[in-house]
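Taking it in order: structure first as structure tokens, then the write-up.
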Amino acid sequence: MAVTLPYRPARMQLEFFGAAGEVTGSCHILRVGRQQLLLDCGLIQGGGDAEQRNRRDFPFEAGAIDAVVLSHAHIDHCGRLPLLVKRGYRGPVYTSRATRELLPILLEDSARLAERDAERNGRAPLFSVADVAQTLRLVKVLPYDEQRRVVPGVTVCLRDAGHIMGSASVELWLEELGVQRKLVFSGDLGQYDSPILLDPYRMQDADLVVMESTYGDRLHRSREATEQELGEIVAMAVRDGGNLVIPAFAVGRSQDLLYLFGKYYERWQLDRWQIFLDSPMAIEASAVYWRHIERHDQEALRLREEFGAMPGLPNLVLSRTSEESRAINARRTGAIIIAGSGMCNGGRILYHLKHSLGRSECHVVITGFQAPGTLGRALVDRRSTVRIHGESIAVAARIHTLGGLSAHGDQDDLVRWYGSFEKRPPVWLVHGEPHGAQGLAARLGAMGARITIAQAGEIVDFAALPASDPGAPQPVGVSG
Ligand SMILES: [Zn+2]
């Protein structure tokens, strides 16, 4: 006699947890059958309640997660991994090779900051350097452009995202009880013509797209205009005879600047300068950038060939120790100083600004977003006096803001990336403030896409979504 088993629908769900309606704390929970995966596990940064929000329970049991797929090494995408491990996670963390190499640089720094803050506030740190060490042991490398089965029913493939070194968009083929769907998670997407890195990958198909929208309502200055502007600032600094001070983020912006100085070394007559990279973190991150030539674009490969090395700056000084950093302060002229932190809210840059801001012959270049309340923001806002280490300084130096070096693509870049899908799969927008997501939703909607701005806690049941094509997705070949 035939036995009828109770009907169970295929379970294929995505739950938005972090970076829904905001640009921080990226984390999405994917459930396929009995498997639970996380796409990213980022730290919430900025805002007065960030610390408190990071300490909250996850909406899942850490030990019950089967795998994590990590898009890139920025802290707002990986920064809660040590907390996940501290709370019991022992599974694999899949990511690219370059991301694995950047992770210790960023996570150890984050742990040291957490430990320092904890000491000040008299409470336990969110996680420790030991939690980071345990996390790093779980990291497994996925090669780009190869499909790998990571848990039963889930096959993934990393594709270039062009955002920072090692960054990836993730294609995921899911299968449960004979139902197959394909999800594409954009991760953070870069500009198409960014220095050094390959462009974002040309996607073809998906049943569901989860996409970032950070600059969904904005356009950056063109690459040519940005590079020309930097050249003009260098020329002004030569004319005025002081130093050129650049607060820069350790991963991405610092390497972009060194790369551009190498590219224009002769045209900008940079042999008159001594260029200092005054940040141990940026020095380590740069080594990862210059090592991974398989992720360099044509221009970077050509320049490397020409120089015989990267970034091709014979006058570059890597300043690792604090003595080396202090020695730079004795130089009154002819120094280009790249130092962290990028928003001038700590680090070695404060000493350089202290020695330069009061001098009208010095120039300061702000290369990225400056959060309200930071010294960097005060400089962008052209405040006439600022305070550094309790000392009041009248700002006489010339402050420039160079907007075009963003690691994030602008609205046109995001639209171009989505346009690479042959059909118009439905999109859930994440990783954007409401204005960014709405701006992008309007553009994508005009292309005929069905757009939803993801809400935290929202669950997309996508076994119920129509497959994009009868017979699709294609059967998946699993390698390795
Ligand atoms: Zn990022």
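The values are calculated or read from the model by the stated rules, or taken from the named source; none is laboratory data. The structure displayed is predicted, hence computed values, not measured ones. In this analysis, Cβ positions are derived from the backbone assuming ideal geometry, glycine residues included, and neighbour counts consider all displayed protein chains. Only protein heavy atoms, including side chains, enter the accessible area calculation; ligands, DNA and RNA are left aside. Shrake-Rupley method; radii C 1.70, N 1.55, O 1.52, S 1.80 Å.
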Lone unmet requirement of (1) farther than 19 Å from Met203 by Cβ; (2) buried (at least 23 other Cβ atoms within 10 Å of the Cβ); (3) out of contact with any Lys or Arg (no Cβ under 7 Å at 6 or more places or on another chain) for Leu83: (2)
Qualifying position, being surrounded by fewer than 17 Cβ atoms within 10 Å (Cβ to Cβ) and in a loop (DSSP other than H, G, I, E, B), among Ala309, Ala235: Ala309
Close pairs (7 angstrom Cβ cut-off, 6 or more residues apart or separate chains): farther than 18 Å from Val317 by Cβ in the stretch 247-267, surrounded by 24 or more Cβ atoms within 10 Å (Cβ to Cβ) and polar (S, T, N, Q) anywhere: Arg253/Thr367
All helices (runs of 4 or more DSSP H) inside the stretch 335-434 with 2 or more residues being within 16 Å of the ligand (Cβ to nearest atom): 411-419
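Yes/no per residue for (1) modelled with pLDDT under 95; (2) under 26 Å from Ser254 (Cα atoms); (3) within 15 Å of the ligand (Cβ to nearest atom):
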{"site": "Ala98", "(1), (2), (3)": "no, yes, yes"}
{"site": "Leu107", "(1), (2), (3)": "no, yes, yes"}
{"site": "Asn121", "(1), (2), (3)": "yes, no, no"}
{"site": "Gly153", "(1), (2), (3)": "no, no, no"}
The one condition in (1) assigned to a loop (DSSP other than H, G, I, E, B); (2) within 16 Å of the ligand (Cβ to nearest atom) that Gly47 fails to fulfil: (2)
From the options Asp193, Asp188, residue that is acidic (Asp, Glu), within 16 Å of the ligand (Cβ to nearest atom) and assigned by TED's automatic domain parsing to the domain that holds Arg116: Asp188
Test set (1) open to solvent by less than 60 Å² (accessible area, probe 1.4 Å); (2) touching a residue at least 12 places away in the same chain (Cβ under 8 Å); (3) assigned to a loop (DSSP other than H, G, I, E, B) - Arg332 fails condition number: (1)
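The rows are residues; the columns are (1) within 16 Å of the ligand (Cβ to nearest atom); (2) open to solvent by 30 Å² or more (accessible area, probe 1.4 Å).
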position: Leu126; (1), (2): no, no
position: Val129; (1), (2): no, yes
position: Lys140; (1), (2): no, yes
position: Met165; (1), (2): yes, no
position: Val170; (1), (2): yes, no
position: Leu183; (1), (2): no, no
Selection within the stretch 14-54 - open to solvent by 40 Å² or more (accessible area, probe 1.4 Å) and at pLDDT 90 or above: Phe17, Arg34, Arg53
Every residue from the stretch 217-232 that is open to solvent by 40 Å² or more (accessible area, probe 1.4 Å) and not acidic (Asp, Glu): Arg218, Leu219, Arg221, Ser222, Gln228
Failed item in (1) in the same structural domain as Ala114 (by TED's automatic domain parsing); (2) within 24 Å of Glu175 (Cα to Cα); (3) not charged (D, E, K, R), with Asn54 passing the rest: (2)
Whichever residue in the stretch 390-407 is open to solvent by 30 Å² or more (accessible area, probe 1.4 Å) and out of contact with any strand residue (DSSP E or B) (no Cβ under 7 Å at 6 or more places or on another chain) and, among such residues, is nearest to Cys362 (Cα to Cα): Ala396
Leu183 among the aliphatic types (A, V, I, L, M), touching a residue at least 60 places away in the same chain (Cβ under 8 Å) and under 27 Å from Arg253 (Cβ atoms): no
Meets criteria (within 16 Å of the ligand (Cβ to nearest atom), open to solvent by less than 10 Å² (accessible area, probe 1.4 Å) and at pLDDT below 95) for Ala248: yes
